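To start, the structure itself, in structure tokens.
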Amino acid sequence: MTTQFVSQDAHALKTPTEGEAGSVGVVHTQFLQFHEPLPLSSGQTINAYELAIETYGTLNAEASNAILVCHALNASHHVAGRAADNLEDIGWWDNLVGPGKPVDTNVFFVIGINNLGSCFGSTGPASLRLETGKPWGAAFPVLTVEDWVRAQARVADKLGIERFAAVMGGSLGGMQALSWAITLPERVAHCVVVASTPRLSAQNIAFNEVARRAIITDPEFHGGDYYAHNTVPRHGLSVARMVGHITYLSDDDMAEKFGRTQREPAAGGAFHYGYGVEFEVESYLRYQGEKFSRYFDANTYLLITRALDYFDPARATNGDLAKALAPATADFLLISFTTDWRFAPACSREMVQALLKNEQAVTYAEIDAPHGHDAFLLDDARYHGLLCAYFLRIAATLTEVISKPEVQP
Amino acid sequence: MSHETSATSRASAVGQTLAIRQASPTGQARLVSEMSTPQVADLRGDLARIAQWVQPQTRVLDLGCGDGTLLAHLKRSKSVQGIGVEISDARVLSCVQRGVHVIQQNLEDGLAMFDDQQFDTVVLSQTLQSMHNTEHILREMTRVAREAIVSFPNFGYWPHGWSILLGRMPVTGQMPYDWHDTPNIHLCTLKDFERLSHKLGFSILERATFNDQREVKFLAGWRSTLAAYRFTADRSTPPRSRA
């Protein structure tokens, strides 16, 4: 088993590590510094920033086997393997990415990038601002999916990757993949968009707004500059996460997991007739919220939910999604899950319809899975089987490219 | 209709493929001699004919595309830009494995995903008889494509009548299901289909009829087990060139 690390000026260095079958093993975060100002959708710029990345597999000589994995709201660049600084910390898409897995690191060079504004190593609101030496806090600019794509493209430049074999992601990650295909079409051969949407609905925005209000109205928020007060709006962030979490699960999933089971009923199964934890589902949500509030930055939560709200590539084409997608030249794979009500199959079908209208290459699968939006993170034989088949096709295109000079001397 | 005779060198290899696919060895011999142009040899009889009807470098929609056999063949032999619609998870997976673009969808939900006249040809092979809303799907086909092709089992095949005379619903090779356990809810004869086409204002451009993969022309209404039709809603539409 080998794990590869990327240095800033070399493509890949092979470093053998002991590992487990199907795992990329122990992985180290790499930090890339950028000093060229990054123009943002808001009109602002970030002059200098750092991005945390992980890579798995080896970039081939033609730099044609690179896969970019874009992360969703609360994930990071730690896509697969065990984090070197915490071996219990397994990558969020480890069931998909690894040697012999659907995104096979024996074949592909896979990159995970922590997005700008996030809180897992890349420059974000909690980072110290170069100009002041103090945390950015409320001064950190609002970012968009397009800004992230621009920043990710600079990582690709640094690694010498002109064109990705595939850019992929689920949920918000899928939006980034879609944005890549639209804004940098020549750099994306395949675009894999899972459980995503071309824009948030009013209901989606509403949930985000509830989450943001929970954070902003927490007395510990201090207008976003809570770092200076040595505190964090933990309660607000916890409630925000609870709201978000509800939207990730299906009604059936929740019914099956918790039903109306009482947490610690009074004698004879009676209610407590109070406002403490009465039902299992409450206990679960509180636990999830509190856990989240211990490791996630509240300003990042605001920033990312806003980026979700703003994403709408068809805004530039008067709502015409087909027109917005027209520049894309990638081969698309879209996948949705039947019980996902956050980004329902209808959202994916809308993208499929637009791609079909443009006569663009698209494959669409609607997986009948019970786990709601979260299904994109879970192991499902049909879902992973499909991705496996698709990436085998991509792998075949790499061989074609490589073997061409031999066939035609 | 004349069949191209195949190169003998290919025939044995082709025969080997067919031996796996065909139950009857005699049928196999017929197939090799009658329809094995090198490209279509490994296709089911009606699919081979459908493939012949499709023009090179056109856009084809295959409804109920199964494992993508027809589209993979059309892509390889005619540079056709194809897309399939399929409901089954396993068959969608097969399509992806073959490199065939596929949309997972229930055909009963209609073709709203597709624009008017988005395709040159739309194919519905051996699926019409199991659809609930027959007229709707046929109309939808002529909406999304310039030309439509359907194939279906012929209920008018003479042993079916014999079976009914003997008091039993027919169970034959093309329709191997018992009456109480069949996906076939809208069976018809050639004449029935032609009447419906007329009612819907379609012009039938071509018809091909088969018995056990072999084409039959004489008394086709009785002797064929399977029929394929190529039709259009408006015969005056000039063919769209995409080369």
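Quick notes on this structure:
- Taking every C-alpha pair closer than 8 Å and separated by at least 6 residues, the mean separation divided by the residue count of segment A:98-209 gives a relative contact order of 16 percent.
- Cα shape, the protein assembly as shown, gyration tensor, a/c 1.5 rule: prolate
- Restricting attention to segment B:144-243, close to 95% of DSSP beta bridges with both partner residues there are antiparallel.
- In this simple spin-label approximation, B:Thr172 and A:Thr329 carry label points 7 Å from Cα along the Cα→Cβ vector, and these lie 5.3 nm apart.
- Relative contact order of chain A: 15 percent, from C-alpha pairs under 8 Å at least 6 residues apart in sequence.
- Inverse of mean 1/r across different Cα pairs in segment A:148-233, Kirkwood, Å: 15.4 Å
- Bridge type composition, chain A - antiparallel percent by DSSP, nearest 5: 40 percent
- Cα gyration tensor shape for segment A:61-118, rounded if a/c is under 1.5, else prolate or oblate: oblate
- As a calculated quantity, the FRET efficiency between A:Asp320 and A:Asn106 at R0 = 30 Å, using C-beta atoms, amounts to about 0.10.
- Cross-link reach list, aspartates and glutamates versus B:Lys199, counting only Cα pairs under 18 Å and skipping chain neighbours closer than eight places: B:Glu135, B:Glu140, B:Glu147, B:Asp234
- Segment A:304-364 versus segment A:221-242: alpha-carbon centroid distance in Å: 34 Å
- Between helix A:345-357 and chain A: long-axis angle, C-alpha atoms, 0 to 90°, nearest 10: 30 degrees
- Residues losing 20 Å² or more accessible surface upon assembly, segment A:353-378, compared with the chain by itself, 1.4 Å: A:Gln353, A:Leu356, A:Lys357, A:Glu359, A:Val362, A:Thr363, A:Tyr364, A:Glu366
- Simple Cβ-charge dipole of segment A:59-146, Lys/Arg +1 and Asp/Glu -1, about Cα centre, in debye nearest 20: 200 debye
- Sorting A:160-169, B:192-201, A:211-220 by average packing, meaning the other beta carbons within 10 Å per residue, from highest down gives A:160-169, A:211-220, B:192-201.
- Farthest positive-ward along the protein assembly as shown dipole, Cα basis, beta-carbon charges - from A:Ala156, B:Ala90, A:Gln30: B:Ala90
- Measuring nothing but protein heavy atoms, the accessible surface of chain A at 1.4 Å probe radius is 53 percent carbon and sulfur.
- The lysines whose alpha-carbon is closer than 26 Å to the alpha-carbon of A:Lys323, local same-chain residues fewer than 8 away aside, are A:Lys357.
- Global geometry of segment A:191-287, whether rounded, prolate or oblate, following the gyration tensor of its Cα atoms and the 1.5 cut on a/c: oblate
- One chain, two ends: A:Gln33 and A:Ala266. Fully extended at 0.36 nm per residue, the span grows by 78.2 nm beyond their Cα-Cα distance.
- Å² per residue, accessible surface of segment B:57-178 at 1.4 Å: 39 Å²
- Here the relative contact order of segment A:229-330, from alpha carbon pairs under 8 Å that lie six or more residues apart, stands at 31 percent.
- Dipole magnitude of the protein assembly as shown about its Cα centre (Cβ charges: Lys, Arg +1; Asp, Glu -1), debye to nearest 20: 1940 debye
- Heavy-atom surface of chain A, accessible at 1.4 Å and reported per residue (Å²): 42 Å²
- For the cross-link pairs B:Lys78/B:Lys217; A:Lys101/B:Lys78; B:Lys191/B:Lys217, the ones whose C-alpha atoms lie over 23 Å apart are B:Lys78/B:Lys217; A:Lys101/B:Lys78.
- Cα lying deepest toward the dipole's positive end in the protein assembly as shown, options A:Ala365, B:Val144, A:Tyr248, charges on Cβ: B:Val144
- When only alpha carbons are used to place a centre, segment A:259-303 and segment B:134-171 end up 59 Å from one another.
- Note: segment B:113-243, Cα convex hull, 125 Å³ per residue.
- Across the accessible surface of segment B:118-243, with the other protein chains kept in place and a 1.4 Å probe, carbon and sulfur atoms take up 54 percent.
- Residues whose amide H comes within less than 5 Å of that of A:Val27, counting only those at least five positions distant or on another chain, are A:Arg82, A:Ala83, A:Ala84 (H built at 1.01 Å from N in the peptide plane).
- Using alpha-carbon coordinates, inclination of helix A:298-310 to the longest axis of chain A, degrees: 60 degrees
- Our coupling estimate for segment B:52-62, obtained by passing each phi through the Karplus curve with A = 6.51, B = -1.76, C = 1.60 and θ = phi - 60°, is 5, 6, 7, 7, x, 6, 10, 9, 10, 10, 10 Hz, Gly and Pro reported as x.
- Furthest towards positive pole of dipole, A:Ile304, A:Ala84, B:Tyr229, structure part the protein assembly as shown, Cβ charges: B:Tyr229
- Taking the Cα centre of segment A:146-226 as origin and assigning +1 to Lys and Arg Cβ atoms and -1 to Asp and Glu Cβ atoms, the resulting dipole is close to 280 debye.
The values are calculated or read from the model by the stated rules, or taken from the named source; none is laboratory data. Everything numeric here is computed off the predicted structure, so don't read it as measured data. FYI the Cβ positions are ideal-geometry reconstructions off the backbone, even for glycines, and counts take in every protein chain you see. Note: areas computed on protein heavy atoms with side chains; ligands, DNA, RNA excluded. Shrake-Rupley method; radii C 1.70, N 1.55, O 1.52, S 1.80 Å.
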